[in-house]
1. Among the helices (runs of 4 or more DSSP H) confined wholly to the stretch B:1-65, which include 3 or more residues that are more than 10 Å from chain A (Cβ to nearest Cβ) and not β-branched (V, I, T)?
2. So B:T46 passes all but one of these: (1) out of contact with any Phe, Trp or Tyr (no Cβ under 9 Å at 6 or more places or on another chain); (2) modelled with pLDDT under 95; (3) surrounded by 14 or more Cβ atoms within 10 Å (Cβ to Cβ). Which condition number does it fail?
3. Would you kindly identify the helices (runs of 4 or more DSSP H) lying entirely within the stretch A:111-193 that contain at least 1 residues that are surrounded by fewer than 12 Cβ atoms within 10 Å (Cβ to Cβ)?
4. Inside the stretch B:32-50, can you point out the residues that are more than 14 Å from A:R204 (Cβ to Cβ) and hydrophobic (A, V, I, L, M, F, W, C)?
5. Select from the stretch A:163-180 the residues that are more than 17 Å from A:S87 (Cα to Cα) and more than 8 Å from chain B (Cβ to nearest Cβ) and list them in ascending order.
6. If a residue must be of a type outside the set (G, A, S) and within 19 Å of A:V171 (Cα to Cα), how many such residues does the stretch A:66-90 contain?
7. Quick one: would you say A:D60 is buried (at least 17 other Cβ atoms within 10 Å of the Cβ), within 10 Å of another protein chain (Cβ to nearest Cβ) and in a helix (DSSP H, G or I)?
Amino acid sequence: MSEPTLAPTGADPDAELLVRLRGGDEAAFLALVHKYGPVMQRVALTYVRTPAVAEEVVQDAWVGMLKALDRFEGRSTLRTWLLRILSNRAQTRGALEARSVPFSSLTDDDDEPSVETERFQGPDGRFPGGWAAFPTSWESLPEERMLARETLVQVDTAIRGLPGRQQQVIVLRDVAGWSADEVCDALSLTPENQRVLLHRARSRVRASLEHYLEAA
Amino acid sequence: MTCQQLVELVTAYFDDALDQAAREDFDRHVALCPGCLAYLEQMRTTIRLSHDLDTLERQPDVTALLSEFRDWQRTSSG
């Protein structure tokens, strides 16, 4: 598959692994698999139905990457290129699964407010558009609550429940910590589009966390 | 800027994508509004927790991949 033309700013974080990989270094390959396998699995699952199929797609993407490595010119980072190979294959596979409604097209509603309208004062309120009641500071919650595995599982569940596009963006930006440029590059999004998707995703995850943390 | 408008701009704020006037407006609002300050903190916590998810990740099984890699090695060096 062709490389994206938009070069992200900054050097490739995997430049050294890439050199070693080209030299046939197995340890370098395994390092990449451990580093990016989990993220690829998450992204693949936004296109296909089951974790088993997602795993096959991920595997297929690694093989595809190896076969195309000769043609990789480094105009993007190795990982954004890898992600493009993966999305491509996952998309094809998802289409083959012939679902009537693909996951990724479900309720990707750009007009959805970040916080429910009822949380703000109406036009007749003292401060229209101001909070009806202030959000709670989570700093006051017991620290073990915030560090609990259960809280992380809640975040994980919320992310996995997001529409495909939002999920891909939040996984790459927040879970994996990639830059906005790289995410635009990997998913072929405009900066504006990327930001809208990320914002929707974060807002939904925050709301779900709020619901969980503040339930008695 | 109202609280309701502010919550729509948080990601643009974090990514430094607001123009200077909007950014100043945003900062002024948060400095005076405990509700939006708490909201901003909640968004920061959400991002941090998302990043912590890697502690839950299961490492992939590499057996099949390794044999693919060795095949590739053979053909590319041969």
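1. By residue number, B:20-32.
2. With respect to (1) out of contact with any Phe, Trp or Tyr (no Cβ under 9 Å at 6 or more places or on another chain); (2) modelled with pLDDT under 95; (3) surrounded by 14 or more Cβ atoms within 10 Å (Cβ to Cβ), B:T46 is out only on (2).
3. Per the criteria, A:143-147, A:149-160.
4. Correct list: B:L32, B:C33, B:C36, B:L37, B:A38, B:L40.
5. If the condition is that a residue be more than 17 Å from A:S87 (Cα to Cα) and more than 8 Å from chain B (Cβ to nearest Cβ), then A:S179 is the only one that fits.
6. 12
7. yes
The values are calculated or read from the model by the stated rules, or taken from the named source; none is laboratory data. Computed from a predicted structure; not experimentally measured. Positions of Cβ are generated from backbone atoms using ideal geometry, with glycine treated the same way; all protein chains shown enter the neighbour counts.
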